[in-house]
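Notes follow the structure.
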Amino acid sequence: MKRRDLLKNLTSGTAAFAIAPSLAAEWTGASLSPRRTQAAAVKVKKGEMTYRRLGRTGLMISEISLGGSPLPDERLLFQLVERGVNYIDTSDSYENGNCERKVGRLFKAVGRENIHIHGRFHLTGRWTEGSIIASVEKSLRRLETEVVDILGIHGVENPDHLTDERILGAYEKLKDHYRFRGLTCHANQHAVIPRAVECGLFDMVQIGYNVFDLQETETNVQTYSDYLGESGLRRLIDLCHGKGVGVTAMKTLKVGGRRQNLAAYKAEGLSVHQAMLKWVLENDKLAAAVVEILNENEMAEDLAVSGKTLTEAERRMLQAHVTENAENFCHLCGLCQAACPAGIPTADISRGLDYEESYAKAGRARATVAAAAGSAAPFSACRDCEACERACPYGLPVRERTRRGLALLG
C-alpha cells in the first residue's frame, strides 16, 4: 500500500501495516495475550530508533515515546510511528477523550500490534470500584480495542491508594482488558514509588525526571530511610530497576518545559532540548523519555537524539542552564506539603503553576490549582511558620510560589 493511501486511511481505519517493531508482544487472535513476556535484549536498535525493555513486562518500547497531552495531528502522528515511535501515553482526560480516539484510528491504520499504549484512569470525585471500571470501559471504546498494554492509575499521590480494595477490585474485574499494571506519579514520589515496588502489584511507573535532577539538595533529607537516604529520584529509579519494575520518564523537557529559544545554552549545533533528552536517556535504567511532539520541527529535533550519547560540551551546557535557572524549579517531591501544619496543598498548587509558567497550558494550570485549592485548606490558613520552606530540600520560596499559583484563579 502506498504511503498516501495509508495517510488517507488514518481516518477511515482500513489499513494494516507493520511500521514499528512489536519486539515482545504476544498475540492471541484479536487480543493481546495477558501473559508476561521476557525479551532477551535490554536494548535493540532498528532503523533510526532504539528500543528498550520496559522492566519485567518484556515490552520493547521506543526510547523516544509520545505523550498524549496533546497528541499531534493525525498526519504527523502517522509519521512518528513510521519513523519508529511505538509507545503512546494516553488518558481519558487528554483532549477530552480525543487523544484516545486518535489512537483508536491509528490502530486501524498501522496495525494494533505495532503500538503499545499506557492507558489510565483517574481517581476523581467520590470514586469507587464501579466508577473506575466504567471509566476504563469508555476508554476502551474510544480506543477501539479490547486490551491495553498497560492500565495505569493517573497521578498517584497517596501511597495507600496502591493497595486500596476498590482499585484492586477494579483491576481484578478488568483483568481480561490489560496486560500489565502501571501508574504515573507527579508528586510525593518518595512515598509512592517505594510502596509501588514493595507491594509487587505494579509492573511499571512513570515519573518526572529531567536535567534539573543534576541539582544537589541543600541538605541530606531522610525521606525514606530504607531506600532513599538523600532525597533524589535516581535512587527511586535504582529501586525500581532492582525489582524489575519498568520506568518511563515524563516532564523531560522542563526548562521550564515549553520550547523556548535557549540559544545561549546551545552547544555543538544541538539545542538544549536535545541535550536534555540525551541526559535523560543516559540513564540505562529508564525505558523511555515520554515527550509531546506537535510539529515537524519538534519531531526532527527529538528523533535525532535516539541512540546518541551526551558530549562533554553538552554536559557543561546543561550544568550552566541548571545553575542559572534552578532557583525557582520545583521537583514536586511533596515534602513541603507533608510538612504544612495547616494542610495547604503547596505541591499541588506548584504543579498548577508549572503548567502555566513552564508549559503555557493556562487552562490546565487553572484547573489544577482550583482542584487543589478546593480540596484542602486555603492559603489564608497559612501560619507563616516557614515549615514548608524548611522542609524543601532545594531551598525554594514555597510560600511565594503558592501565592503565584493561587493568583491564577483571579
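Before moving on, here are some points about what is shown:
- Subset of segment 374-410 [within 23 Å of THR124 (Cβ to Cβ) and surrounded by 21 or more Cβ atoms within 10 Å (Cβ to Cβ)]: THR402, GLY405
- Selection count where residues are at positive phi and out of contact with any strand residue (DSSP E or B) (no Cβ under 8 Å at 6 or more places or on another chain), scope segment 81-139: 5
- Extreme residue, nearest to ARG112 (Cα to Cα), among residues of segment 130-140 that are buried (at least 17 other Cβ atoms within 10 Å of the Cβ) and in contact with an Asp or Glu (Cβ under 8 Å, 6 or more places away or on another chain): LEU140
- Looking across segment 162-186, the residues that are of a type outside the set (Lys, Arg), farther than 16 Å from ARG120 by Cβ and touching a residue at least 40 places away in the same chain (Cβ under 8 Å) come down to GLY169, ASP176.
- Residue in segment 157-179 that is assigned by TED's automatic domain parsing to the domain that holds ILE193, touching a His at 6+ places or on another chain (Cβ under 7 Å) and of a type in the set (Gly, Ala, Ser) present: no
- Residue check, LEU239 closer than 21 Å to LEU54 by Cα, assigned to a helix (DSSP H, G or I) and modelled with pLDDT of 95 or more: no
- Residue match in segment 285-303 (condition: free of Cβ contacts under 8 Å to residues at least 12 places away in the same chain and of a type in the set (Lys, Arg)): no
- Residue count for segment 200-222 satisfying the condition of being at pLDDT 95 or above and not aliphatic (A, V, I, L, M): 4.
- Filtered residue count, segment 317-340, keeping only those that are in a helix (DSSP H, G or I) and in contact with a strand residue (DSSP E or B) (Cβ under 7 Å, 6 or more places away or on another chain): 1
- Extreme residue, surrounded by the fewest Cβ atoms within 10 Å (Cβ to Cβ), among residues of segment 141-183 that are under 23 Å from ASN114 (Cα atoms) and of a type in the set (Ser, Thr, Tyr): TYR178
- Of everything in segment 121-144 that is of a type in the set (Lys, Arg) and modelled with pLDDT of 95 or more, the residue that is nearest to VAL81 (Cα to Cα) is ARG142.
The values are calculated or read from the model by the stated rules, or taken from the named source; none is laboratory data. This one's a predicted model, so the numbers in the text were calculated from it and none came from an experiment. Note that we place each Cβ from the backbone using ideal geometry, even for glycine, and neighbour counts take in every protein chain shown.
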